[in-house]
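Only one structure is covered here, and it is reproduced in the block below.
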Amino acid sequence: MHSFCQSQESKDLKGKVTTDEGDVSGVVIQNITSRHAVITDMNGNFSIQVQLNDTLVFSAVHFKRKILPVNEVIFNTNFITVPLEEFVNELREVVVRPYDLSGDLNQDVSTLDLPKDVGAETLGLPNANVKVITQSERKLQEASSGMY
């Protein structure tokens with residue numbers, strides 16, 4: 001009795017991620033079937049081990065997630081180009097707490113109750129209220145004290 005064990009052929013699939021914006025570095029390509037992953041280089045190029053019927057997932061924070069099944073056409077292709085769409089997460093409203101800032105600096109500055117600037121006086125350092133004299137005043141003081 002003969003038993004046949006057919007191992008499925010695998011290969012390195014090479015490709016490039018493209019976008020309208022041009023920033024394609026750092027896109028993660030996961031083969032969720034084999035649980036392997038790679039990251040694109042600065043130009044969007046990648047190479048990942050695949051088998052027929054594997055599933056690739058392309059993801060990055062600034063792009064919409066893309067799922068690509070490895071069918072016969074893709075498996076038999078030497079180089080694929082994968083276009084990605086930009087993902088823009090538009091928020092209706094953002095409130096920064098605890099200050100309830102609006103984002104309008106002119107409005108926000110007038111409503112904030114901020115402590116005084118940090119300085120010698122606010123820190124209570126000795127000689128904080130002493131006036132710093134100019135170079136001319138120092139020379140006059142030295143001359144009148146009889147140091148010369």
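Of the peptides 62-72, 47-57, the ranking by mean beta-carbon count within 10 Å, highest at the top, reads 47-57, 62-72.
Accessible surface for the chain, divided over its residues, is 82 Å² per residue with a 1.4 Å probe.
Estimated from helices alone, the mean residue ellipticity of the chain at 222 nm is -4000 deg cm²/dmol (sum of -39500 (n - 2.57) over DSSP H runs with n ≥ 4, per residue).
Applying 0.36 nm per residue to the separation of S145 and E72 and subtracting their alpha-carbon distance, the gain on full extension is 16.5 nm.
Computed in the context of the full set of protein chains, the accessible area of the chain at 1.4 Å probe radius has 52% of its extent on carbon or sulfur. Using the beta-carbon distance between S34 and L101 and R0 = 35 Å, what value does 1/(1 + (r/R0)^6) give for FRET efficiency, to the nearest 0.05? It comes to 0.15. The per residue volume of the convex hull around the alpha-carbon atoms of region 34-110 is 159 Å³.
For the chain, the relative contact order works out to 18 percent when only alpha carbon pairs closer than 8 Å and six or more residues apart are counted. Remark on the chain: Rg and Dmax equal 33.3, 119 Å (Cα only).
The values are calculated or read from the model by the stated rules, or taken from the named source; none is laboratory data. Note that the coordinates shown come from a computational prediction; the quantities given were computed from them, not determined experimentally. Positions of Cβ are generated from backbone atoms using ideal geometry, with glycine treated the same way; all protein chains shown enter the neighbour counts. Please note that ligands, DNA and RNA were not included when accessible areas were found on the heavy atoms of the full protein model with its side chains. Shrake-Rupley method; radii C 1.70, N 1.55, O 1.52, S 1.80 Å.
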